[in-house]
There are 2 protein chains.
Amino acid sequence: MKLYDGGRAPNPRRVRVFLAEKGISVPTQIIDLGALEHKSADYAAINPLQRVPALVLDDGTVITESIAICRYFESVKPEPAMFGRGGREAAMVEMWNRRLELNLMLPIAHVFRHLHPAMKEMEVPQLPAWAEVNKPRVMEFLAFLDRELESRAFAAGDAYSVADITGMIAVDFLKAAKLELAREFGHIRRWHSELAARPSATA
Amino acid sequence: MKLYDGGRAPNPRRVRVFLAEKGISVPTQIIDLGALEHKSADYAAINPLQRVPALVLDDGTVITESIAICRYFESVKPEPAMFGRGGREAAMVEMWNRRLELNLMLPIAHVFRHLHPAMKEMEVPQLPAWAEVNKPRVMEFLAFLDRELESRAFAAGDAYSVADITGMIAVDFLKAAKLELAREFGHIRRWHSELAARPSATA
């Protein structure tokens, strides 16, 4: 088994934090995104979509998409449960992981990719107007999230889950996009600081 | 239990096709997207993100996000399995459902939402330039998908799964976005016509 990791980018980090929470260690090879190594022919043979991370199993099966990789490891080592216990909880984790991914991480990524000078070669063409459209969407979702987190410890309920990993990394990603977490979002700040204090957060 | 459905839009249809494949029937209320009923105060009380579909359980739990709703029903009625059997297959279904959603359905949605006159009030502001950026991305992914489908019956392997539902509906969504499935994509055409011939497709 081998994990193709992408270093500092948000998606590879989701898998590393997940593995740290599970206490799983996997042989890893770093793909240098800055050097566009994910666009190389060697890596395209592993993932034709040229994105990281990718997990190659011993039988040659290639699993891409961070959450698919995490789900695979959940089946290999079910404890601690990171995708919920039972149908209702599993649905809440799925819902919140998606909400945090599609309504927070993705709009932040659009702001970052379409405005940041460092993304000029990665995001062609950059459309600053599209980044600007996404800025208020990020802020609206953060306001909603802050209200939600008033009444519970974690994103999807009373237990830590993969949705918290997505949320923590999305909040950290604000900085790269030059966006700020407003001071008034105290519930997000409490939640994020607790997640960031877990040993897994530095993975 | 009650399902808030959104009629013709792609996401509500994903849940309806899924329920038809499972043979599950659920009391349903239609939310009229054309009349912006999803933006009403009544519906925002159910899903503050103002999107359809949403499932309300008897205990009051609200589940949004189509795939989270499908996953809930998978736990209620596991057969036929729509999210894969065993860890490896579940990971492949997750991977392909995400690939089809994030790299096909979502770029098609951007083309539709940012170009179509009917979306003028729903997508504010419309950015035609962003739609144009997404057009070649749709075509690139379709070329990749066509090569992949040469060697197997369904999106994620030898068994029908929720990834096929996402894929079928994404391909159908091309028309709304005024995009064409090129004649040369014979494997996609074979796959799509088999999916469209299932009784569930008309749900």
Residue pairs, Cβ under 9 Å, 6 or more apart or interchain, first in segment B:50-79 and at the interface with chain A (Cβ under 9 Å from one of its Cβ atoms) and touching a residue at least 60 places away in the same chain (Cβ under 8 Å), second hydroxyl-bearing (S, T, Y) and in a helix (DSSP H, G or I). List them.
B:I67/B:T166
May I ask you to say which residue of B:V26, B:V17 is at pLDDT 95 or above and part of a helix (DSSP H, G or I)?
B:V17
Only one residue in B:A35, B:A9, B:A44 is surrounded by fewer than 12 Cβ atoms within 10 Å (Cβ to Cβ) and of a type in the set (G, A, S). Which one?
B:A35
Might you let me know whether segment A:135-143 holds any residue that is in a helix (DSSP H, G or I), in the same structural domain as A:R113 (by TED's automatic domain parsing), under 25 Å from A:A68 (Cβ atoms) and at pLDDT 95 or above?
yes
Note on B:M92: of the conditions (1) at the interface with chain A (Cβ under 10 Å from one of its Cβ atoms); (2) outside any helix (DSSP H, G or I); (3) in contact (Cβ under 8 Å) with a residue 12 or more places away in the chain; (4) of a type outside the set (D, E, K, R), unmet is (2)
What about A:S200, is it within 15 Å of the chain's Cα centre (by Cα), more than 14 Å from chain B (Cβ to nearest Cβ) and either outside any helix (DSSP H, G or I) or among the polar types (S, T, N, Q) (or both)?
yes
Out of segment A:53-70, which residues are touching a helix residue (DSSP H, G or I) at 6+ places or on another chain (Cβ under 8 Å) and farther than 19 Å from A:A201 by Cα?
A:A54, A:L55, A:V56, A:L57, A:T61, A:V62, A:I63, A:T64, A:E65, A:A68
Would you point out which residue out of A:R98, A:R147 is at the interface with chain B (Cβ under 10 Å from one of its Cβ atoms), of a type outside the set (G, A, S), more than 19 Å from the chain's Cα centre (by Cα) and not in a loop (DSSP other than H, G, I, E, B)?
A:R147
Only one of these is at pLDDT below 95 and more than 18 Å from the chain's Cα centre (by Cα): A:A91, A:A9, A:A35. Name it.
A:A35
Identify the single condition in (1) at the interface with another protein chain (Cβ under 8 Å from one of its Cβ atoms); (2) modelled with pLDDT under 95 that A:V124 does not satisfy, given that it satisfies every other one.
(1)
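Give A:M139, A:M82 a once-over and let me know the one that is more than 10 Å from chain B (Cβ to nearest Cβ), touching a residue at least 40 places away in the same chain (Cβ under 8 Å) and in contact with a Cys (Cβ under 9 Å, 6 or more places away or on another chain).
Within the list A:M139, A:M82, the selection yields A:M82.
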Does at least one position in segment A:57-65 carry a residue that is crowded, with 22+ Cβ neighbours inside 10 Å and in a helix (DSSP H, G or I)?
no
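Filter segment B:6-21 for residues that are small (G, A, S) and either assigned by TED's automatic domain parsing to the domain that holds B:K175 or touching a residue at least 40 places away in the same chain (Cβ under 8 Å) (or both) and give the result.
Of the residues in segment B:6-21, the ones small (G, A, S) are B:6-7, B:9, B:20.
Of everything in segment B:6-21, those that are small (G, A, S) and either assigned by TED's automatic domain parsing to the domain that holds B:K175 or touching a residue at least 40 places away in the same chain (Cβ under 8 Å) (or both) turn out to be B:G6, B:A9, B:A20.
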Screening A:A118, A:A109, A:A131 for residues that are within 28 Å of B:W130 (Cβ to Cβ), in a helix (DSSP H, G or I), among the small types (G, A, S) and in contact (Cβ under 8 Å) with a residue 60 or more places away in the chain leaves only A:A109
State which residue is nearest to A:S25 (Cα to Cα) when the search covers only segment A:66-99 and only residues that are crowded, with 16+ Cβ neighbours inside 10 Å and of a type in the set (K, R).
A:R71
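The values are calculated or read from the model by the stated rules, or taken from the named source; none is laboratory data. Everything quoted here is computed from the prediction, not taken from an experiment. Reconstructed Cβ throughout: ideal geometry from the backbone, glycine too, with neighbour counts over all protein chains shown.
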